[in-house]
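The values are calculated or read from the model by the stated rules, or taken from the named source; none is laboratory data. As the structure is a prediction and not an experimental result, all values here were calculated from the model. Glycine gets a Cβ as well: all are built from the backbone with ideal geometry, and neighbour counts include every protein chain shown. Quick note on the areas: whole protein, heavy atoms, side chains included, nothing else; ligands and nucleic acids left out. Shrake-Rupley method; radii C 1.70, N 1.55, O 1.52, S 1.80 Å.
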Amino acid sequence: MIFPLRGHSLQAVLVAASLTVASCSSSGGAIGTGGRAGGVGGSAMQCAGGAGGGSGEPALEQIDASGGIPADGFRHAMAVVRCGFLNRCSNLAPYVVNQCVDALTANVPWTYQVCSGTAASASCATVNTRYAQPTDALLRGVAAGTVAYDPQAAARCLAALSAQVCLAPYLTENLPACAGVFTCPPGGSGAGGSGGVGAGGMNAAGGAGGMNAAGGAGGAAGASGVDSCAALLDPTPPVDTCVTDADCTGVTAAGEGPYCVGGVCAASRCGLFDPACAAFATVGENCSFDAPGLASLTSSTLPGTCAPSLACQGAVSGLHGGACVVPQDVGAPCTADAGCDRGLVCLCGLCQLPPVTGPCAGSGQCRIGAAYCDFQTLTCQPVRPAGAGCNDAFNACAPGLLCQSGTCVIPQP
């Protein structure tokens, strides 16, 4: 089994993914790691090379999981699957996926921000994502023999997760296929229990606060450094799976419901997004809004919303008139940024990597994680370290940092 990877080598629970909106004055096969902003193609100078956009994206590397996933590689493998879901369902460009994988492998928050507009008037959406599982305490329990870990079960779990359709803004991880990855050994504390990857769903909260995601609880380390097995396992029950709607009759678990969508019982035909959603717009259909997902500027699924993995190109201020399109990677033809993966720009009729130095592209884009657009000079400048100011620019903080109260800071758990 081959898992496309980011050049490193899984079980975890999403515990916090916060969105803020601001107005500025074991089966074979591949497991996948696979932006949009306003604005149109670049200037003639940028087309001549002034933007410094570059032409190629880093490859998504692979790991051979045919022999199972070793415990010490599980966190990284889970990062690959989680970020890969964002790649295919929220259209993240591969280089942005790589940043996501690096952060989650290091067990630190991953921050993603998308802004559109100018320094005088713009809207920004920022997502700060953390996962609790696998906790350090859980992995210590595996090393100490307190918790049993099954490498083949992990491989089967990852295969199921990688095949998941775009049911929700985040990967739904508490599948039955993942329930036996971590278990309590016979005769141990909590014997007979089992723990899976956990819940990865996102719960929409009304108002400007955006979205929050909650997963199952993870155990904290005890005084000896290793807790009892039962305290370490994730208690989140598996979701109800299905083949047809009939399999979901009578399902009442939170977030679930009578419709079978992608093999999971869901509250609407749209999956685990807004329960009020009746249907998404598909490729070529009239639209008003981008697909729901990572860094959406709304938590609701309104009429005229494109299906996950699509973008609404050509709509103006949420009005009809757009068409749902499939965003493309570097080198594909485009007419606007909406036709390219998140993190890319449309320059000279082609999707390209944004610049790192020189003039900003389009309406103010620079390479995510490497540079930001200085609106005074309209040039790309290096991202700023912890403690630096960030009120005067978008995406100014280095990877792993968040702009809070005008300062780049390390997000707190």
*Where only protein heavy atoms count, and the probe is 1.4 Å, what is the accessible area per residue for the stretch 266-413 in Å²?*
42 Å²
*Cα convex hull of the stretch 373-413: how many Å³ per residue?*
57 Å³
*Normalised convex hull volume, the stretch 233-306, alpha-carbon set, Å³ per residue*: 118 Å³
*Which distance in nm do the two modelled labels at Gln404 and Cys348 give, with both placed 7 Å along the Cα-to-Cβ direction?*
4.2 nm
*Over the alpha carbons of the stretch 281-395, what is the largest minus smallest coordinate on each principal axis, giving the biggest first in Å?*
42, 31, 20
*Using a Förster distance of 41 angstrom, determine the FRET efficiency expected from the C-beta separation of Phe375 and Val283, and round it to 0.05.*
0.70
*asked:* Given Cα positions, please report Rg to Rh for the stretch 327-381, the hydrodynamic radius being the Kirkwood one.
replied: 0.98
_Full-extension gain in nm, Ala144 to Asp72, via 0.36 nm per residue minus C-alpha separation_ = 24.6 nm
*Can you tell me the Rg and Dmax of the stretch 349-404, counting just the alpha carbons, in angstroms?*
11.0, 39
